[in-house]
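Down below is the structure, laid out as structure tokens.
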Amino acid sequence: MKEPISITSIASVSALGNSQEEIWGNYLNDDHFITENQFEVSKAFVAKLPLAIQKEIKALRNSDAKYKKLDASVLYAMYVSRKAMKAAEWNQGDPFGINIGSSRGATELFEKYHKEFLDKSKTSTLSSPTTTLGNISSWVAHDLQSDGPEISHSITCSTALHALLNGVAWIQAGMADKFLVGGTEASLTEFTIAQMQAMKIYAKDAAEYPCRALDLEKKKNTMVIGEGASSICIEKGDKENAIAKILGIGYATEILEHNISISTEATCFQKSMKMAIGEINPNEIDAIVMHAPGTIQGDLSEFKAIEKIFSNKMPFLTTNKWKLGHTFGASGLLSLELAILMLQNQQPISVPFAMEQNQPKNIQKVLVNAVGFGGNAVSVLLSK
């Protein structure tokens, strides 16, 4: 890192809630927020937004005639970005960039319009502009009345952390002083669930914990999809109002052994973690918020990669997907939020069914991991 980058605010919405106090409170217990949902022709475990938040999203949709035709993924992004901007005390018209992405984009709308086309051999006027990935940051910029570059992208499940990388790169290059970055996902549809089930990675058992992320001894895949979004404000320099600081960033890809899986020892994670840590002694890393999607190979390969890097002293390991599901493109920043909350409250969050670990007495440095199809790994090192 050429110069310090400060995180001056974070906002999120997920099955855990929408305020930092509520979210932290939900991390402090061993409850999960996964329920069985009835779709049109099937049932599946999912992690939905609480009803009160769904009503707030509906109110946002109805607040402007132009918003009524937008996909929920765009509305989630607008919702959290308003909160992040307010918390950072940025103003309309300020020169800041926006980079918000999504793994799947306008899932619900795309499926709706495709069905319409199959039924009628034609589709609605807004089917194209409301289903492009580029409309996420564009609508957020419109809503916030920002003055700066607007970027949207999809790098599957590492999308949100790649957005963070982009923001850091723009700031380090001297092309911006501030960036709002994030990820959003609203993919709780029957077709999406069917795709995950086709890969044989989705949770089936109505156990105490349907998603067994970070259970390294599980015999079945247990991934569960959640919905949500998160945005953070990052700024050049060491800011007094920083809630955390970015010490290092890392990224890597790898030669794939299979269309949907990374290598046995997650070479991409080994490379991204090494890059993020840089010259810092690995023994100084107190905790890692793992990607850990709840699949047998996904969890175990990341753990083996961590063992390779931290063989002398393993950091405390945790994940949040057993609580709020795998939110695809938003998951990286929701993991980063957990890291920030642990730094702020000086308390590690354990996974109730995972291996026993030594609890760190002080939490000063936390590493956050994310990876997506294609082996696109990102690691971000945070400090207080």
When the stretch 201-211 is checked residue by residue, the ones that are touching a helix residue (DSSP H, G or I) at 6+ places or on another chain (Cβ under 7 Å) and over 30 Å from Phe110 (Cα atoms) are Tyr209
Only one of Glu337, Glu356 is under 29 Å from Tyr202 (Cα atoms), without any contact (Cβ under 8 Å) to a residue 60 or more places away in the chain and not assigned by TED's automatic domain parsing to the domain that holds Ser73, namely Glu356
Give me the residue from the stretch 180-200 that is in contact with a helix residue (DSSP H, G or I) (Cβ under 7 Å, 6 or more places away or on another chain) and polar (S, T, N, Q) and, out of that set, nearest to Glu36 (Cα to Cα). Thr189
The one condition Asn29 fails out of (1) polar (S, T, N, Q); (2) surrounded by fewer than 19 Cβ atoms within 10 Å (Cβ to Cβ); (3) in contact (Cβ under 8 Å) with a residue 12 or more places away in the chain is (3)
Yes or no: Ala176 at pLDDT below 95 and part of a loop (DSSP other than H, G, I, E, B)? no
Whether any residue in the stretch 112-120 is farther than 23 Å from Leu165 by Cα, surrounded by 21 or more Cβ atoms within 10 Å (Cβ to Cβ) and either without any contact (Cβ under 8 Å) to a residue 60 or more places away in the chain or touching a Pro at 6+ places or on another chain (Cβ under 6 Å) (or both) is what I want to check. no
Taking the condition within 20 Å of Val366 (Cα to Cα), part of a helix (DSSP H, G or I), touching a residue at least 60 places away in the same chain (Cβ under 8 Å) and β-branched (Val, Ile, Thr), does Val168 pass? yes
Would you mind finding the one in Glu185, Glu208 that is closer than 26 Å to Ala47 by Cα and either small (Gly, Ala, Ser) or surrounded by fewer than 24 Cβ atoms within 10 Å (Cβ to Cβ) (or both)? Glu208
Given (1) touching a residue at least 60 places away in the same chain (Cβ under 8 Å); (2) touching a helix residue (DSSP H, G or I) at 6+ places or on another chain (Cβ under 7 Å); (3) part of a loop (DSSP other than H, G, I, E, B); (4) not basic (Lys, Arg), index of the condition Glu265 fails: (1)
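The values are calculated or read from the model by the stated rules, or taken from the named source; none is laboratory data. Quantities reported herein were computed from a predicted structural model and do not represent experimental measurements. Note that we place each Cβ from the backbone using ideal geometry, even for glycine, and neighbour counts take in every protein chain shown.
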